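Trainee: One structure, pasted below without further comment.
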Amino acid sequence: MALSRLVALGLRASHAGLQTRHKLQSTSNCLFQRLTSPYNQVFRNSGSLPNIPSPGTAAYGIFVAVATLGGGVYVYRTLHRDKTRFNERISTIKSIRENIEKEGTSGSTAEVESKEASVGGTQEKQQAEALPSVVLPSHVPFLLIGGGTASFAAARSIRARDPGAKVLIVSDELDPPYMRPPLSKELWFSDDPDVTETLRFKQWNGKERSIFFQPPSFYVAPEELMSAEHGGVSVLTGKKVVHLDVRENKVRLDDGTHISYEKCLIATGGTPRNLSAIERASEEVKKRTTLFRRVSDFRSLEQLSSKVGSITIIGGGFLGSELACALGRRAQHSSLEVVQMFPESGNMGKVLPEYLSHWTTEKVKREGVNVISDAVVKSVSYKNGKLHISLKDGRQVETDHIVAAVGLEPNTELAKSAGLELDGDFGGYRVNAELQARNNVWVAGDAACFYDIKLGRRRVEHHDHAVVSGRLAGENMTGAAKPYWHQSMFWSDLGPEVGYEAIGIVDSALPTVGVFAKATEKDTPKRAAEESGTGIRSETDDQGAIAPVEESSEAKPSVPAPAQQGDSYGKGVVFYLRDNVVVGIVLWNIFNRMPIARKIIKDGEQHADLNEVAKLFNIHEE
């Protein structure tokens, strides 16, 4: 119908043109003759074009009609084709949404839009190329692989030394860089019903803060990074670097994008280990198991804790113990049953000496947790709506959900493509004293296996190490060339009343000497946070100088032997020895004394009487 109308319009236009031409010829014949005669004379004299029609012939009208008709046909066919593609795309997108709703998928809007964007074939891709799209930079001066604490610390350090620096962080998480410690500590004690969305928590001192290092407004959009006048930090979320070419100084993302760099940091962190018994189990078991590590794990576990009848935590280390206490405290006001099991004889048995490990176990039990020690998981099955955990000694445990907290495996997938060396003993990328793995490539955080000038080669998986190693790597990426001499600390809180800070090699297999004293009301993580103003105690770790401690003749005697103090370990210092030299220190309910502990390990001296050394920490002051 539209085509026939266009043809009619073309014929009418040609007819009107001819009529107008004839009228003009009749009224101004002399003028037209004067205008056309020179050209006609030229054609006649040339002898090559004897039959050229004059402008007044029907050829002119036919030409106009054909041109109009051709243009009409082209417009019609283009509109028809575009309309067909548009209808097909809308139909396909509608189908995808209907399928998602039928399957009951709770995916985010971003996931739905991602599926919609993949619809279509070659025509849709060509159409998309004609539209404005987000263009990632093909080259960046500073490329940071991984979106965790180490990357953010490096970015902040780079910008501090080079205010105009342009830094791109590539993260496979959907959230910008955030702190991990609150995921197993303070967030669980929040009274906010929307805590899983706000991710804000109150520190033990009552101050509120977010787990995110910076708000979204702090970051520059990736597509605007290279044009930003004063530089900035961009975070490319939901993307993973799958190939690293250290010779060409470039990476490839999982979507095929290539980005070259001048300096690169690998801060890929680690992946939670799983139990072999769970890996061998059915999909029903795996669906009811959480490997706790990320914000998404906190969100899902927090919601589960109010829906299921029981949760079993497998693992007696820092993470497992913190989660057990947090869930146990919550279970006191609900019908939730919390079970913690581990193969050691006591809680945190790989870290604390046996007597302190057993005391900690009793503390966790008082929090409402059913603790099962000497528990080695043999198999896990799903029957009649319950998970059945079978232990090697024949014991059986029924539960609704499992949280596996059995350690971390460093993410080293890029080693193969980049030709980087891995450490066979500790895992992770082997780096030199400046945290450099190759020319223009540094490694920081959980994935770095570095050489400790006092304690030998090590790999550390704690917040403070991520902060300090990331900061140093960032400095070295801007030319500082500083060696990593820092002794990082770590801490663990079993609620707001009991906690400890540690440094160095703290291995319960080493000989230990403990010096304890009676605790006061101020010897708690809560009071420590009130005094320091932060719940992330490593943030105040380097503040202040180490002041000498004057010995007083009225000082109370130290109590080094556990047998002399019964079951009361209010506060104290535990020294870990190797060849009679202190290589690790645990400060039990003693806070803001880490610089002293760091100096003792740095000195590397043998001490005839560790009771005297313990006085440096003022453990007897009230």
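Any read-out appearing in this document is the output of simple, stated calculations on the displayed coordinates, not a laboratory observation. From a predicted model like this one, the values you see are computed outputs, not experimental measurements. When we count neighbours, we look across all protein chains shown, and the Cβ atoms used for this are built from the backbone with ideal geometry, even at glycine.
Trainee: After finding the eigenvalues of the alpha carbon gyration tensor for the stretch 390-439, what semi-axes result from the square roots of 5 times each, listed largest first in whole Å?
Mentor: Largest first, the stretch 390-439 gives 39, 12, 10 Å.
Trainee: Which of the three applies to the stretch 192-331, rounded, prolate or oblate, going by the alpha-carbon gyration tensor with a ≥ b ≥ c and a/c under 1.5 meaning rounded?
Mentor: Judged from the Cα gyration tensor, the stretch 192-331 comes out oblate (a/c at least 1.5, b/c at or above a/b).
Trainee: Mind giving me the FRET efficiency for Ser276 and Arg578? R0 is 41 Å, r the Cβ-Cβ distance, nearest 0.05 is fine.
Mentor: 0.85
Trainee: Also: Over 31 Å between Cα atoms: which of Lys166/Lys416; Lys250/Lys482; Lys202/Lys250; Lys287/Lys350; Lys263/Lys350 fall into that group?
Mentor: Table pairs above 31 Å Cα-Cα are Lys202/Lys250; Lys263/Lys350.
Trainee: Note the full-extension length gain between Asp507 and Val135 as 0.36 nm times their separation in residues minus their Cα-Cα distance, in nm to one decimal.
Mentor: Stretched out fully, the Asp507 to Val135 stretch lengthens by 128.9 nm.
Trainee: What are the residues whose amide H is under 5 Å from the amide H of Val403, where those residues sit 5 or more places off or on another chain and H is modelled from the backbone?
Mentor: Answer set, sorted by chain and number: Thr290, Thr312, Ile313, Ile314.
Trainee: Continuing with this model, one more query. Of all chymotrypsin sites (Phe, Trp or Tyr not before Pro) in the stretch 584-621, which ones are in loop regions per DSSP and have a Cβ with at most 12 other Cβ atoms within 10 Å?
Mentor: none
Trainee: Quick check on the stretch 375-496: what are the equivalent-ellipsoid semi-axes from the Cα gyration tensor, as sqrt(5λ), descending, whole Å?
Mentor: 39, 17, 13
Trainee: Shifting gears a bit: Once the Cβ-Cβ distance between Ser210 and Asp255 is put in as r, and R0 is 22 Å, what FRET efficiency do you end up with, to the nearest 0.05?
Mentor: Working from the Cβ atoms, E equals 0.15.
Trainee: Determine the percent antiparallel among the DSSP beta bridges restricted to the stretch 127-258, to the nearest 5.
Mentor: 50
Trainee: What residues have an amide H closer than 5 Å to that of Arg273, excluding those fewer than 5 places away on the same chain, when H is modeled at 1.01 Å from N in the peptide plane?
Mentor: Val406, Gly407, Leu408, Glu409
Trainee: Tell me, what HN-Hα J-couplings in whole Hz come from the Karplus equation 6.51 cos²θ - 1.76 cosθ + 1.60 at θ = phi - 60° for each residue of the stretch 316-322, using x for Gly and Pro?
Mentor: In residue order, the calculated couplings are x, x, 4, 5, x, 5, 5 Hz.
Trainee: Long-range amide H contacts for Val235: which residues qualify at under 5 Å (H placed 1.01 Å from N, peptide plane, sequence gap of 5 or more or a different chain)?
Mentor: Ile169, Val220
Trainee: Right, something else. Antiparallel DSSP bridges in the stretch 380-482: what percent, to the nearest 5?
Mentor: Around 90 percent of the beta bridges assigned by DSSP in the stretch 380-482 are antiparallel ones.
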